[in-house]
Amino acid sequence: MGRLKKPCWLFTLVFEHALSDLPFGVGADATALDVMRVCLYHTKELGSTTDVGKRAAARIIRLAWINSNLPTINENSVVDRVSKLYSEFDALRKCSSRKEDRGFQEKVAAFRRSLNEKFDISPRDSTSTLKVKREAAYLAHGRLRRRKPAKSTPAEDEVESEVDTPADEDDEDFKIENSDDCKPVDAPMEVDEDELLLGLDRAQVSCRDGFRCVTMAAQYFQVDPKVLKGMSMSQIRRKREQARNKIWLGIRESFNPCSPLTVHWDGIKVKNLIGRAKVERLPVIVTGKGVDQMLGGGIIPDGSGLTQSRKILENLNDSGCAEQVRVACSDTTSSNTGHKIGAVVKLEAALGRKLLYLACRHHALEVIPKHLFDDLVERSSSPDLGKVCAEFERKWPNVDATKFSPGTDDEELDRILTPDVVERVQDFALSMLQSEQIRADYRYFLQLVVLFVGGKLEGFHFRPPMALSSARFMGRIIYCLSMYMFSRGGQFALDRAVLLGIREVNVFAVTIYLEPWFTATHPTKAPLTDLSLLKAIAQYMPVSPLTANCAMKAFLEHLWYLSEECVALAFFDDRVSLETKRNMVKKLTVVKTQTAKSRMRYIKPKGEDVMELADKDLDHFVSENTLNFFVYLGLETDFLAKDPSTWPMEQSYLKALETVEALSVINDVAGRGVALVKRYTNCSTVTNRETEFQKLVVVSRKLMMEETAKDLTLKGVLEKINNKLDK
């Protein structure tokens with residue numbers, strides 16, 4: 001290739017050499033002069049526009065830096081720096097007629113000196129972020145020569161030429177490390193391939209889409225094509241399976257729990273991996289002190305208790321933790337709790353020992369608002385909440401969210417919503433709202449409660465109603481609170497009977513149901529909470545017999561934690577008085593016959609005994625069978641021989657308390673396992689092989705448990721990058 005057709009007077013010396021090596025000869029150590037040569041090569045020799053020449057020069061220099069593993073600014077910023085350099089040159093070119101002017105000569109001399117400096121496109125403070133010494137030195141060496149002031153004298157130029165001479169080359173104290181000796185290493189930060197591949201699983205990205213993402217990213221970041229040689233969708237699939245299997249084996253090898261475990265399970269019907277038919281899957285999870293591990297989510301032929309128990313036992317044996325399982329926790333359906341063919345009974349028979357059964361408290365408590373809504377508002381056989389809720393959702397766009405009336409404005413509720421009750425409810429709701437780890441629908445429920453009792457919330461706004469399944473009991477309460485306040489505000493018309501039914505649901509939910517629900521997760525509080533709820537419903541009989549009878553009928557089917565075994569949790573409840581605990585210890589000597597009915601693990605009083613039962617204290621439910629609680633968990637009972645006032649100082653009590661507080665009395669972990677199985681069944685992240693699906697759900701849940709909210713923020717991502725650089 002020849003010379004430039006019309007070389008500028010400023011670059012006569014520069015372009016005496018051939019340009020055949022352009023633009024491919026520019027490296028990471030390119031000077032500003034090299035960049036200008038590339039730019040002018042495109043504009044003068046190839047006939048491109050100035051903008052095209054600037055961008056071409058910017059891309060070439062940036063690609064050279066990237067291939068040398070040096071940090072760079074983005075492409076647009078590099079173009080800006082090239083444009084600034086070109087503008088200085090263009091300004092001098094336009095003033096070429098002022099050759100005799102001394103000021104102009106000084107500017108030309110300064111510009112000539114700047115052309116010999118390294119063209120720096122590193123981000124600000126990048127030297128401090130480079131953890132590889134040689135790369136930091138390489139980058140720093142390019143910054144040693146900074147642009148000097150525009151004004152200089154011939155004497156200064158002479159001094160400068162003397163300084164630039166290699167007079168001190170042999171002096172080690174003054175020798176500057178050569179940039180050739182500071183070439184960057186190949187990789188300033190190692191990328192965790194397994195983490196990257198499993199990230200595709202977490203995001204439900206198929207192998208085909210994953211291949212697209214990789215190739216598009218490589219194109220954007222101008223990755224060397226040699227790096228992508230041999231990459232294909234099949235390779236990505238194989239790599240993902242290898243990474244998944246590696247984590248899977250690590251989980252299996254490291255899983256060796258020593259403390260008593262609780263096994264959770266919950267079935268769900270989902271689409272099969274092959275075809276359109278639906279199959280029953282059973283996620284199985286174990287929890288304990290420092291343990292929360294999913295064991296599998298395999299297919300079962302049906303949802304019977306025997307079938308479920310076999311799949312649970314299979315998962316326990318495969319993971320090697322069958323001997324540590326002492327507690328079973330599940331929903332209170334008959335297939336689980338049946339005293340003859342329930343999953344718990346069959347699992348006990350297979351294990352050869354009795355288990356402590358902790359019924360899911362959320363499942364037991366949510367039946368109360370469901371029955372109240374069905375009996376007092378509207379009974380719906382469809383999967384939706386019903387016609388009233390659907391009508392409210394349809395008319396929501398016409399509702400003025402600023403016009404609502406709280407329950408305290410209803411004069412008919414003055415006898416129920418007394419100042420003491422309002423203060424108690426509002427204080428509890430506000431205290432629960434201070435918690436950061438609370439579900440969005442629970443938080444919204446608490447906010448509506450505060451508004452219902454006349455409180456104020458800064459920055460609160462009503463959410464549009466959503467189409468919810470009838471299984472979402474919280475949706476019923478949220479709908480009832482919203483519909484009532486807007487109906488009282490004249491924004492939503494309701495029939496008188498429906499409005500009264502909604503009001504009854506709201507008053508019960510706010511004054512009686514609120515606290516038991518939000519304390520349901522505490523295992524030690526379960527017996528006293530259930531007994532207190534039973535008494536509160538009984539005391540509500542004179543206020544609203546219809547509402548109280550409906551709630552009582554539903555709750556009497558779920559007195560699991562007042563059984564002879566589970567009532568032992570109250571020994572560790574600080575709210576229980578010392579006198580009650582003393583009476584409970586005395587009742588441990590009372591012998592009761594073990595009948596088939598008592599194996600149902602919950603009490604079911606007759607109708608005439610309900611009011612009498614509400615007057616009892618916790619010691620009424622204690623018997624000799626209560627000691628089975630300590631046997632199941634392998635706990636010492638030495639502290640029971642001493643006065644309850646000294647228990648907090650007894651080591652046996654403290655050790656037992658630690659184990660009891662680690663128990664899970666809700667089955668939400670199984671619910672999250674169900675959601676995970678459903679999520680990955682409906683996406684193409686795995687092949688049709690069942691083993692790969694099992695590994696996928698187990699590994700993904702493990703990663704989810706280790707992930708924090710901070711990891712999903714930019715700050716958290718940057719910290720992870722810096723940690724990798726430190727290593």
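The values are calculated or read from the model by the stated rules, or taken from the named source; none is laboratory data. Quick caveat, the model's predicted, so the values are computed rather than measured. Neighbour counts are summed over all protein chains in view; Cβ atoms, including those assigned to glycine, are modelled from backbone coordinates with ideal geometry.
I'm checking my understanding of the structure. Among residues of segment 411-429 that are loosely packed, with under 11 Cβ neighbours inside 10 Å and more than 15 Å from residue 508 (Cα to Cα), which one is modelled with the lowest pLDDT?
It comes out as 411.
Could you please find all residues in segment 514-532 being outside any loop (DSSP other than H, G, I, E, B) and either crowded, with 21+ Cβ neighbours inside 10 Å or more than 37 Å from the chain's Cα centre (by Cα) (or both)? Lay out the reasoning, then the answer.
Of segment 514-532, the ones outside any loop (DSSP other than H, G, I, E, B) are 514-518, 526-532.
Answer for segment 514-532, where residues must be outside any loop (DSSP other than H, G, I, E, B) and either crowded, with 21+ Cβ neighbours inside 10 Å or more than 37 Å from the chain's Cα centre (by Cα) (or both): 517, 526, 527, 528, 529, 530, 531.
Tell me yes or no: at least one residue of segment 422-435 is farther than 23 Å from residue 488 by Cα, in the same structural domain as residue 499 (by TED's automatic domain parsing) and of a type in the set (Ser, Thr, Tyr).
yes
Please work out which residue is nearest to residue 527 (Cα to Cα), limiting yourself to segment 638-651 and to residues that are buried (at least 17 other Cβ atoms within 10 Å of the Cβ) and not hydrophobic (A, V, I, L, M, F, W, C).
Step one: filter segment 638-651 for residues buried (at least 17 other Cβ atoms within 10 Å of the Cβ), giving 639-640, 644, 647, 650.
Checking which are not hydrophobic (A, V, I, L, M, F, W, C) leaves us with 644, 650.
Numbers: 644: 18, 650: 23 Å.
My answer is 644.
In segment 31-41, what residues are under 51 Å from the mean Cα position of the chain (by Cα) and either more than 14 Å from residue 88 (Cβ to Cβ) or surrounded by fewer than 16 Cβ atoms within 10 Å (Cβ to Cβ) (or both)?
Correct list: 31, 34, 38.
Go through segment 216-225 and count every residue that is at pLDDT 80 or above and hydroxyl-bearing (Ser, Thr, Tyr). Walk me through how you get there before you give the answer.
Kept after step one, since they are at pLDDT 80 or above, are these residues of segment 216-225: 216.
Checking which are hydroxyl-bearing (Ser, Thr, Tyr) leaves us with none.
So the answer is 0.
Given the criterion surrounded by 15 or more Cβ atoms within 10 Å (Cβ to Cβ), in contact with a Ser or Thr (Cβ under 9 Å, 6 or more places away or on another chain) and assigned to a loop (DSSP other than H, G, I, E, B), identify the matching residue among 295, 273, 282.
Of the residues listed, the single one that is surrounded by 15 or more Cβ atoms within 10 Å (Cβ to Cβ), in contact with a Ser or Thr (Cβ under 9 Å, 6 or more places away or on another chain) and assigned to a loop (DSSP other than H, G, I, E, B) is 273.
If you scan segment 345-376, which residues turn out to be surrounded by fewer than 24 Cβ atoms within 10 Å (Cβ to Cβ) and in contact with a strand residue (DSSP E or B) (Cβ under 6 Å, 6 or more places away or on another chain)?
Selection gives 355, 356.
Go through (1) crowded, with 16+ Cβ neighbours inside 10 Å; (2) of a type in the set (Phe, Trp, Tyr); (3) assigned to a loop (DSSP other than H, G, I, E, B) one by one and return the number of the condition residue 460 breaks.
Answer for residue 460: the failing condition is (1).
How do the pairs read when you match residues in segment 424-441 that are over 12 Å from residue 518 (Cβ atoms) with residues anywhere that are small (Gly, Ala, Ser), using Cβ under 7 Å and keeping only pairs 6 or more apart or on different chains?
426/455
Would you please name the residue that is surrounded by the fewest Cβ atoms within 10 Å (Cβ to Cβ), looking only at residues in segment 42-51 that are of a type in the set (S, T, N, Q) and assigned to a helix (DSSP H, G or I)?
Here the answer is 50.
How many residues does segment 319-334 hold that are in a helix (DSSP H, G or I) and modelled with pLDDT of 90 or more? Steps first, please.
First, the residues of segment 319-334 that are in a helix (DSSP H, G or I): 319, 322-324, 334.
From what's left, modelled with pLDDT of 90 or more: 322-324.
Residues flagged as in a helix (DSSP H, G or I) and modelled with pLDDT of 90 or more within segment 319-334 amount to 3.
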